[in-house]
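The values are calculated or read from the model by the stated rules, or taken from the named source; none is laboratory data. In this text, all values refer to a predicted model and were calculated from it rather than measured experimentally. Cβ: placed from backbone, ideal geometry, glycine included. Neighbour counts: every protein chain shown.
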Amino acid sequence: MKKLIAVLLPLMLSGMSAQADIVIGRLGSLKNPIPAPTTAAAAGGFDLYVRKINEEGGVAGQKLSVVFRDDEFDPRKVVERSRELINEDKAVVLITPQGTPGTEALIKEGVLKDEHIAVLGPFTGASQVLAAPNIFPLRSSYEDEVAAIARQMNILFQKRVAYLYYKTSQGPLFEPVFQRIVKEAGLEYVGSAGFDIDPDPAKQAQLVAKAVEQLKGQRPDAVFAFAVGPTFPMSMLSLKEVLGPAVGRYTFSINNWEALVKKIGAADAQGVVFSQAVPYPFGVKRKIVTEYLQDLKHYSPETTPNFSGLEGYMTAKVLVTALRRAGANPSREKVLAALEGLGRLDLGDYVLNYSPVLHRVEPSVDITIIGSTGNLMK
């Protein structure tokens with residue numbers, strides 16, 4: 001991933017000075033280690049599709065140029081960088097902001113409404129973000145992911161379910177939603193435990209372990225963890241050490257399975273289950289995956305397929321579809337209207353539905369598990 005970031009960074013920064021016909025504003029961060037892997041991977045997939053389109057002549061004879069501004073995964077800077085992309089770089093759309101807080105800040109600060117600009121492909125499944133005006137998701141919601149996880153728990157007869165979460169951002173807010181979904185699935189919700197955030201890794205590990213200890217008395221068959229960044233591998237390791245390897249460990253797609261294996265090792269990561277909000281990118285069961293793999297082989301054969309790369313690729317495909325409908329010299333308003341007018345759009349066995357009142361992805365969640373060698377299996 002470091003190699004990918006090193007290759008992409010000069011390319012992404014060079015776009016800032018390029019003369020562009022149609023400017024696309026990319027958000028994200030390569031400076032902050034938490035979103036850096038997904039920022040880089042999504043950029044790789046997006047730029048892959050853009051390169052193909054540009055080599056074919058662009059959209060209505062106009063080439064596409066992506067301008068990247070690093071928001072450092074800071075909601076305040078997400079707003080600042082977005083305004084710069086809009087006012088200085090003349091971006092007609094904003095793409096792939098990372099995380100819920102930053103995208104929420106754009107909504108609450110009125111940037112999207114005031115500037116009549118769309119956000120396409122935010123890296124979040126929070127329903128309050130995905131349902132907001134001017135937001136066009138490419139991934140299933142957290143609710144859809146947990147519903148798929150609950151079905152998997154039922155298949156494995158893991159009936160007693162607990163919730164482990166970090167006490168910030170969406171962690172506490174999602175607890176009642178998680179509880180409702182697992183109960184509707186016929187599972188027994190046995191309780192939850194949360195932990196505070198501490199910048200000191202040793203103290204953070206202690207806080208996570210203490211929360212996991214609270215779950216021990218609830219005798220869960222499975223635990224779902226709403227934890228990100230450094231707290232995620234700590235949570236997975238502590239769950240195994242405290243509750244034992246027989247207890248199912250689950251999380252959702254915003255966590256990186258490769259980073260988990262690298263951090264705690266294949267043996268301790270084995271058995272961790274991830275829901276995936278975009279299609280499994282290593283097979284060819286969906287047409288969009290086949291297309292992605294073919295273009296990857298042609299334009300970037302050294303790049304390994306990955307979920308975020310596929311997500312970026314699909315984001316670009318949706319945007320190009322909208323730009324073609326927006327006509328020559330598209331403005332922010334025209335692109336926004338074109339996205340809202342797409343209706344039901346099948347990208348290739350992966351369906352979106354965009355209208356002036358509804359922007360959603362038809363539920364399509366894959367369940368994956370880390371195998372004994374640290375590989376990801378479907």
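Results for (1) at pLDDT below 95; (2) small (Gly, Ala, Ser); (3) touching a Pro at 6+ places or on another chain (Cβ under 7 Å); (4) on the phi < 0 side of the Ramachandran plot, shown as yes or no for each residue.
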| position | (1), (2), (3), (4) |
| --- | --- |
| 139 | yes, no, no, yes |
| 162 | no, yes, yes, yes |
| 173 | yes, no, no, yes |
| 182 | no, no, no, yes |
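None of 366, 268 is in contact with a Leu (Cβ under 6 Å, 6 or more places away or on another chain) and not assigned by TED's automatic domain parsing to the domain that holds residue 60 except 268.
Cβ-Cβ contacts under 9 Å between residues 6 or more apart (or on different chains), taken from a first residue in region 197-208 that is in the same structural domain as residue 168 (by TED's automatic domain parsing) and surrounded by 11 or more Cβ atoms within 10 Å (Cβ to Cβ) to a second residue that is polar (S, T, N, Q) and in a loop (DSSP other than H, G, I, E, B), are listed as 197/168.
On the basis of being among the aliphatic types (A, V, I, L, M) and surrounded by 24 or more Cβ atoms within 10 Å (Cβ to Cβ), does residue 119 make the cut? Judged against the criteria, residue 119 is a match.
If we scan region 218-236, do we find a residue that is under 30 Å from residue 317 (Cβ atoms) and either assigned to a loop (DSSP other than H, G, I, E, B) or among the polar types (S, T, N, Q) (or both)? Among the residues of region 218-236, at least one is under 30 Å from residue 317 (Cβ atoms) and either assigned to a loop (DSSP other than H, G, I, E, B) or among the polar types (S, T, N, Q) (or both), which makes the answer yes.
Residue check: residue 353 meets all listed conditions (1) in a strand (DSSP E or B); (2) closer than 24 Å to residue 251 by Cα but one, namely (2).
Going by the conditions given, is residue 73 assigned to a loop (DSSP other than H, G, I, E, B), of a type in the set (Phe, Trp, Tyr), crowded, with 16+ Cβ neighbours inside 10 Å and touching a helix residue (DSSP H, G or I) at 6+ places or on another chain (Cβ under 8 Å)? If you could, list the steps in order and put the result at the bottom.
Values: assigned to a loop (DSSP other than H, G, I, E, B): yes; of a type in the set (Phe, Trp, Tyr): yes; crowded, with 16+ Cβ neighbours inside 10 Å: yes; touching a helix residue (DSSP H, G or I) at 6+ places or on another chain (Cβ under 8 Å): yes.
Considered against the rule, which asks whether it is assigned to a loop (DSSP other than H, G, I, E, B), of a type in the set (Phe, Trp, Tyr), crowded, with 16+ Cβ neighbours inside 10 Å and touching a helix residue (DSSP H, G or I) at 6+ places or on another chain (Cβ under 8 Å), residue 73 comes out as yes.
Could you tell me which numbered condition residue 107 fails, if it satisfies all but one of (1) buried (at least 20 other Cβ atoms within 10 Å of the Cβ); (2) β-branched (Val, Ile, Thr); (3) at pLDDT 95 or above? It fails just one condition, (1).
Among residues of region 299-320 being touching a residue at least 40 places away in the same chain (Cβ under 8 Å) and outside any helix (DSSP H, G or I), the one that is farthest from residue 376 (Cα to Cα) is 300. Looking at (1) over 27 Å from residue 221 (Cα atoms); (2) touching a Lys or Arg at 6+ places or on another chain (Cβ under 8 Å); (3) in contact (Cβ under 8 Å) with a residue 40 or more places away in the chain, can you tell me which one residue 101 breaks? Only one criterion is unmet by residue 101, namely (2). Is there a residue being under 25 Å from residue 35 (Cα atoms) and surrounded by 16 or more Cβ atoms within 10 Å (Cβ to Cβ) anywhere in region 324-331? Checked region 324-331: no residue is under 25 Å from residue 35 (Cα atoms) and surrounded by 16 or more Cβ atoms within 10 Å (Cβ to Cβ).
Do we have any residue at all in region 321-339 that's within 22 Å of the chain's Cα centre (by Cα), outside any helix (DSSP H, G or I) and over 30 Å from residue 271 (Cβ atoms)? Let's see the steps before the verdict.
Kept after step one, since they are within 22 Å of the chain's Cα centre (by Cα), are these residues of region 321-339: 321-322, 336, 339.
If we keep only those that are outside any helix (DSSP H, G or I) too, we end up with none.
Checking region 321-339: not a single residue is within 22 Å of the chain's Cα centre (by Cα), outside any helix (DSSP H, G or I) and over 30 Å from residue 271 (Cβ atoms).
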